[in-house]
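Data first, discussion second: the structure below is written as structure tokens.
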Amino acid sequence: MSFPAALVDIPTHGDVQGLLGVLESNSSVPFKIKRVYFIYGVPSGTSRGSHGHKKLQQLIVPLSGSFDVVLHDGSVEETFSLESPNKGLLIQPGLWRNLINFSNDAVCLVLASEHYDEIDYIRDFDEFIEWVASR
Ligand code: T46
């Protein structure tokens, strides 16, 4: 099975007036968008995340600046560098994530397939590994 996350192109319309990226439910975003949040002002050297999600699908878009997303599926770890608003990271359910190396100007937009629900989080890595093994 291939790794359950990938960089995807965001449809973008450009002309002499600049660029316009489009994110649409069940189209450029392959799920119904139930929640949108954004992360910014992350102090240099600070990481975010450090948890797994059971059901949640997400599309992460670097609206400004850059950062890395480190994902773990229980056996393989992959790092994705996000640095352009025309490329997002599509994350399937069942992945542990850490967001690191934020530039000062980074703005991280997240589109999510579910409303906020603490029940979907696994916040201990050993517990995450056990959950993956039990699936
Ligand atoms: C993820 C990464 C990329 C809410 O009240 N509603 C929300 O929708 C979210 C996402 C968070 N919160 C509250 C919960 C905490 O009190 O905001 C606070 C910070 O949340 P958290 O520590 O979970 O933030 P991150 O950046 O570590 O993780 C977030 C998402 O929670 C997570 O799903 O994948 O961004």
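What follows is calculated from the coordinates using simple rules that are stated; it is not laboratory data. Keep in mind that what you see is a predicted model, and the values were worked out from it rather than measured. Here Cβ is always computed from backbone atoms with ideal geometry, including for glycine, and neighbour counts include all displayed protein chains.
Within 10 Å of each candidate Cβ there may be at most 13 other Cβ atoms; applying that plus a DSSP loop requirement, which GluC sites (Glu not before Pro) in segment 1-82 survive? Taking segment 1-82 and a limit of 13 other Cβ atoms within 10 Å, the loop GluC sites (Glu not before Pro) found are 24. Across all Cα atoms of segment 24-86, the radius of gyration (one decimal) and Dmax (whole number) stand at 13.1, 35 Å. Scanning residues 5 or more positions from residue 94 or on other chains, those with amide H under 5 Å from its amide H are 53, 54, 55, 56, with H placed 1.01 Å from N in the peptide plane.
In cubic angstrom, how much convex hull volume per residue do the alpha carbon atoms of segment 1-112 span? Present the calculation step by step, with values, prior to reporting the outcome.
On the way: hull volume 11.8 nm³, N = 112.
With only Cα atoms used, segment 1-112 gives 106 Å³ per residue.
If I fit a long axis through the Cα atoms of helix 125-134 and take the longest principal axis of the Cα atoms of the chain, what angle between them do I get, 0 to 90°, rounded to 10? Roughly 80 degrees between the two axes.
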